[in-house]
Amino acid sequence: MSDDTRAHVYVSGNVQGVFYRATTRDTAREKGVSGWVRNLDDGRVEAVFEGSEDTVREMVEWCETGSDAATVDDVDVRFEEPEGIDGFEVTW
């Protein structure tokens, strides 16, 4: 599966306490993307997405809006080698 990729994303703005993580999880699962999402102490949300390049890029693009209640100011993304994560979870 050489077309798989991994995106490591940091999202800033009003993204905590607005169902951002839960909506990210649900959206990733719908698209068949693996990875995780969590809140950071500095108010950002950090996420990792693994899967086909197209669906991972769709998730990165989705992060620019996020949940309906979120206000996203910035999405910082780095593409990396996938690690073979299976499933998508909210972590702490």
Residue count for the range 64-77, restricted to those that are at pLDDT 95 or above and in contact with a Ser or Thr (Cβ under 7 Å, 6 or more places away or on another chain): 3
Residue in the range 49-57 that is within 15 Å of residue 91 (Cα to Cα) and within 11 Å of the chain's Cα centre (by Cα) present: yes
Selection within the range 65-92 - among the aromatic types (Phe, Trp, Tyr), more than 19 Å from residue 30 (Cα to Cα) and out of contact with any His (no Cβ under 9 Å at 6 or more places or on another chain): 92
Filtered residues of the range 29-43 (kept if buried (at least 19 other Cβ atoms within 10 Å of the Cβ) and over 14 Å from residue 5 (Cβ atoms)): 36, 37
Qualifying residues in the range 44-56 (those that are under 19 Å from residue 76 (Cα atoms) and of a type outside the set (D, E, K, R)) - the one surrounded by the fewest Cβ atoms within 10 Å (Cβ to Cβ): 55
Check on residue 61, within 12 Å of the chain's Cα centre (by Cα) and exposed (fewer than 15 other Cβ atoms within 10 Å of the Cβ): yes
Any hit, the range 3-21, residues being of a type outside the set (Ser, Thr, Tyr), surrounded by 17 or more Cβ atoms within 10 Å (Cβ to Cβ) and in a helix (DSSP H, G or I): yes
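The values are calculated or read from the model by the stated rules, or taken from the named source; none is laboratory data. Computed from a predicted model, the values in this text were never measured in an experiment. Quick reminder, even Gly has a Cβ in these numbers, built from the backbone with ideal geometry, and neighbours come from all protein chains shown.
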